[in-house]
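For reference, the structure is listed below as structure tokens.
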């Protein structure tokens, strides 16, 4: 029996309408569908009941959550109106006068005495497409400043920046002798960049990451070195060997790990300030080898490996791992320490967080294009921790 | 707790303004929370702004509950305050609306009374989901609410939450999938216990023979 694609069912509006039992033509459509495929009825029924129950309970809790916020506001207002806190009229007048004087003084000071203050929260903007390219001859190009078009011609390979702000390597006709030449692309904190390698493979660098690669891949293997976090989509490449076609493997080296790939999509997170190297596989298969002890494992799609001293393999939350490539931060009971490490890299800020607060877990989804305050608010609204930003440094307190 | 229907609103409204009954206040709140979330999202506002505006409206209603007793049409009254709050600080958008009357006519009502709520009955799956729904984060529940209950499109939900369509879609699927897996696990455990109990019974029975 072919397996039922439950994900596709949920994407279909008419299926959700069928679960709702309204309108009638959608209900009829799915009833007919099930009549032809009675083998799916049990599974579809269960999915329908989960959707119904989830719709109901998520609805009830969502309005309750917001109502609790309203109750807090009502309680706060009542406190303010408490007669004990009321002040007499003359005191009010005196206070107003004092306030006017203070504001005037502040405005005066602001406009005449102080330099512009760059440390306000609103000025901490998210990262953007930024990277530094180092060519084979050692010269560097700042990719966010340079214009769209051909940047260099090295050993028969054209290096181009596209309109959409990506870097592409294209093999031009002329062969060259300089086959061992390599390039390096590096993103700063608060930068990310996408590129297409000479073999058509795609790499997407997250903030504070780098990728070192030859401009000509060899005939029997393709090999790159990386630091930080990179998402790869490796193109399949074949050669004729002993009369038959064989795949040319692709290797990704990090500090303590090597990944061997044939053609696949995967994400590698190897930041040195993270507890270990996380490799997440979306498609295909990869072999991951520890260069510390030679241990080696094979990953299947949807799995991830964690390497500290030894490998731990488990099911991956793929969406969460690669949410950064879709432009979002997705946190699912993620520790504050881990969240703040990501924040530090993307917004280029320093973090001061006591260990007991770093262990607190949070859920949330925030777009990476939001200013820093969006994530700070998400944490603060829970009331579990206070975050203060001064001079590009976030200080976390109870 | 059943969700109220529109024709019961008047009764709750009277209970709230005359008896100052909080339960009635919450019933009205819940009804309009759904209605206004729908209207606000359809107009492209961010969901946190919408939720704040809803609370602005109900904070106002709570504080002015005695004065509100003179109001004949509480529905138009609530919507008018809500829209005023929502468009506050965005005079340009507000001016684009010709009159409040046409706006009210053009607001399609979400089918609060159709579908899920009437169909929903508490069975084994229902009780299970109720227990586990808190394991999903608030944001996950919000996306499910917007999709399954309010029936907004994936695009509208993405805009309202400032995230990508893909993330909305995946988050909803992941939540349903998580619950389905938990449910299967529980059913299997139950089956194992049942089989275990049955074998014990047989052993006992045979032992006695």
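Between residue A:212 and residue B:177, with labels modelled 7 Å along Cα→Cβ, what's the label distance in nm to one decimal, could you check?
According to this spin-label approximation, the distance is 3.7 nm.
Can you give the relative contact order of chain A as a percent, counting alpha carbon pairs under 8 Å and 6+ residues apart?
Taking the mean separation of contacting Cα pairs over the length of chain A, I get 9 percent.
Where the centroid of each part is defined by its Cα atoms, how far is the stretch B:150-200 from the stretch A:1-74 in Å?
Cα centroid of the stretch B:150-200 versus Cα centroid of the stretch A:1-74: 11 Å apart.
Relative contact order, percent, of the stretch B:121-208 when contacts are C-alpha pairs under 8 Å separated by at least 6 residues?
About 25 percent, as a whole number.
Can you work out the FRET efficiency for the pair residue A:397 and residue B:46, with r the C-beta to C-beta distance and R0 = 35 Å, to the nearest 0.05? Can you show the working numbers first?
Details: r = 29 Å, r/R0 = 0.82.
E between residue A:397 and residue B:46, to the nearest 0.05, is 0.75.
Can you tell me the mean projection area, over all orientations, of the convex hull of the stretch A:260-304's alpha carbons? Units nm², please.
Reported value for the Cα convex hull: 3.2 nm².
Suppose R0 equals 60 Å. What FRET efficiency, 1/(1 + (r/R0)^6) with r the Cβ-Cβ distance, do residue B:203 and residue A:350 give to the nearest 0.05?
0.35
Give me the one-decimal nm value for the distance between modelled label points at residue A:219 and residue A:377, 7 Å along each residue's Cα-to-Cβ direction.
For residue A:219 paired with residue A:377, the spin-label model returns 6.1 nm.
Where in the stretch B:6-50 does the label zone of residue A:69 land, with the point 7 angstrom along Cα→C-beta and an amide N cut-off under 11 Å?
Once the point is set 7 Å along Cα→Cβ of residue A:69, B:47-50 turn out to lie under 11 Å by backbone N, inside the stretch B:6-50.
Step by step: find N for chain A, compute 2.2 N^0.38 Å, then divide the Cα radius of gyration by it. What's the final number? Mind dumping the intermediate values first?
Numbers: Rg = 28.0 Å, N = 398, 2.2 N^0.38 = 21.4 Å.
Working it through for chain A, the quotient is 1.31.
Arrange the following residues from fewest to most other Cβ atoms within 10 Å of their Cβ: B:10, B:132.
In increasing order of surrounding Cβ atoms, one gets B:10, B:132.
What distance in nm separates the simple spin-label points at residue A:338 and residue A:42, each placed 7 Å from Cα in the Cβ direction?
3.6
Across every pair of different alpha-carbon atoms, what Kirkwood hydrodynamic radius in Å does the stretch A:218-320 reach?
By the Kirkwood definition, the hydrodynamic radius is 14.0 Å.
Computed from the coordinates by the stated procedures, all read-outs in this text should not be read as laboratory data. Keep in mind the model is a prediction, meaning the values are calculated, not measured. Backbone-built Cβ (ideal geometry, glycine too); neighbour counts: all protein chains shown.
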